Amino acid sequence: MRLVFVNQLSYVVGIFMGIFAVAMTIPALIDFSLGLPQATAFSHSIIIITIAAGFMVTANRPAGDVQLRNHQAFLLTTLVWSVLCVISALPFYFSGCTPTFIDALFEATSGLTTTGATVIRDLSYASPGTYVWRAMLQWFGGIGIIVMALTVLPMLRVGGVLLYRNEFSDRSEKFLPRLSHVASHLLGIYTSLTFCCACGYYFAGMPLLETVCHSLATVSTGGFSVHNESFRFYQNPVIESISIVFMILGGGSLVLQARAFRGDFSVLRDQQIRGYAKVLFFLVCVAAVPSLYQKDSTIGGGISTLFQLVSMLTTTGYVGTDYESWGGFMKALVWLVMIIGGCTGSTSGSIKIFRYQIIWEHVKGYMRQIIYPRAVVSPKFNGRTIDPAILMSVITFLAAFILIILVATLSVTLAGVDLLTALSGALASVTNVGPGFGGVGPSGNYADLPLYAKVAYSACMLLGRLEFLTIVILLTPAFWEN
């Protein structure tokens, strides 16, 4: 039975590799049409991936249906993401865009996990195909891989529903009877948002190539830019305003947006959406008080501040201003929004508002129990009693979140990195934000870090994207005994 599962595992991974090989032809054709040598790097990568994927698919073609158990779905999810990070790094390494394969792996992992941290020192020397490939990785990482899992795996009858639950941690009910319909609606919403964002950027004056790359990175809340200065390059309040809108949408629940698109506006009463709106309203109020962040009292200054705060809240990671030059309150606020994140079922990372609301409901219930000892207290979320198992999962998640950041920070400082850079880098990697403070702040990137630190942060990005337990459970002996 284990051999059958291994064959099925190789077969599914091979399919995903083949899909990425096909996707890689787009940046390859762009560079080839421009006569750039980077086209060779893409073509070599496509050949290697195609041969490997072809062997894995043909040698492990299933003889019948196989149903995955929960722990097997964890393994499949983790393995698919890990393998895709490795093969996505090949063009960066073969083109010389990154000096070592570790750097290339960091860049690819940052893209697929929608982190937006980069080790490329000067983006002006990268090819257009490289720009597009980085943006495509973030687009796939935001929702594309999830949609592929929902579309491909059900056809293979190997546990698409389990992967749906692993990816969408809010355990949202399926709003359509068939999982393939859910996938198609999510893809439709995601693609529509990307197209509308691209139109907005283009009509605001952004060149076509930059429009495509930034729209893919914005809706996926990824944050890769084609400029070293990120959005500071434009100094354009209109472009920043458009980005704010689509970062907010990307950070909202795509499941609920799909339901709203089908005419179900009851989602506006969703407790998580209302909490998300309250946080955004607070950030708007902060951005409206110039004395908190800078002396610039113009509307453009307020938009730039709001842009930066929304970028960090949704874990997009675009840089629109030097937030390290802000006062103590504003810098503390940046740290705070980094660990808040957007909604579950969205493309954003970090802890997410849903978990804070679960904790708060139980805190209110505990205080009420103290005041009224004989009262029967049942914390509720969206009008439903919260299952104790959900509270336990939230507490476990928060404990893992803190522990991994502490371990990553301490391990990176052993490599000679200063404490501020190590801590903010670990936090920015685990939350999938990208930029942090110190050496990895708005004026720097991750290029100068030791290779060991890049490996550690790559692991943090993957852990954060898969929400820790999906990977951590694989490290427990009980998992393999079962």
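The values are calculated or read from the model by the stated rules, or taken from the named source; none is laboratory data. Because the structure is a prediction, the values reported are computed rather than measured. Counting neighbours? That spans all protein chains shown, and the Cβs are built from the backbone with ideal geometry, glycine included. Note: accessible area is taken over every heavy atom of the protein model, side chains too, but ligands, DNA and RNA are not part of it. Shrake-Rupley method; radii C 1.70, N 1.55, O 1.52, S 1.80 Å.
Structure above, values below:
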item	result
Sequence ranges 429-442, 48-61, ranked by mean other-Cβ count within 10 angstrom, highest first	429-442, 48-61
Residue-wise HN-Hα coupling along segment 332-340, computed from phi with Karplus coefficients 6.51, -1.76, 1.60 (Hz; x: Gly, Pro)	5, 5, 4, 4, 5, 5, 4, 9, 8
Residues with amide H under 5 Å from that of PHE381, placed H, sequence gap 5 or more	ILE386
For the chain, Kirkwood radius (reciprocal of mean inverse C-alpha pair distance, Å)	23.0
Fraction of accessible area attributable to carbon and sulfur, segment 7-119 (%, probe 1.4 Å)	69
Approximate spin-label separation VAL22-TYR202, in nm, with each point projected 7 Å along Cα-to-Cβ	2.5
Within segment 313-413, trypsin sites (Lys or Arg not before Pro) in DSSP loop having at most 16 other beta-carbon neighbours inside 10 Å	ARG374
Sulfur and carbon atoms: percent of accessible area, segment 413-463 [1.4 Å]	69
Cα shape, segment 335-482, gyration tensor, a/c 1.5 rule	prolate
Phi-based couplings in Hz for segment 460-466 (Karplus 6.51, -1.76, 1.60; Gly and Pro marked x)	5, 4, 5, 4, x, 5, 8
LEU410-VAL377 pseudo-label distance in nm [points 7 Å out on the Cα-to-Cβ vector]	3.4
Surface accessible to a 1.4 Å probe, per residue, for the residues of the chain, Å²	42
Inter-probe distance in nm under a simple model that places probes 7 Å from Cα toward Cβ, at PHE329 and THR58	6.7
Set LYS331/LYS380; LYS278/LYS352; LYS352/LYS380; LYS331/LYS364 screened for pairs whose C-alpha atoms are more than 22 Å apart	LYS331/LYS380; LYS331/LYS364
Table column - 3J(HN,Hα) (Hz), segment 348-355, Karplus curve with 6.51, -1.76, 1.60, x for Gly and Pro	7, x, 6, 6, 6, 4, 3, 5
Ordering of 25-37, 125-137, 87-99 by burial proxy (mean other Cβ atoms within 10 Å per residue, highest first)	125-137, 87-99, 25-37
Within segment 185-251, GluC sites (Glu not before Pro) in DSSP loop having at most 10 other beta-carbon neighbours inside 10 Å	none
Gyration tensor (alpha-carbon) shape descriptor, segment 193-301, a/c threshold 1.5	oblate
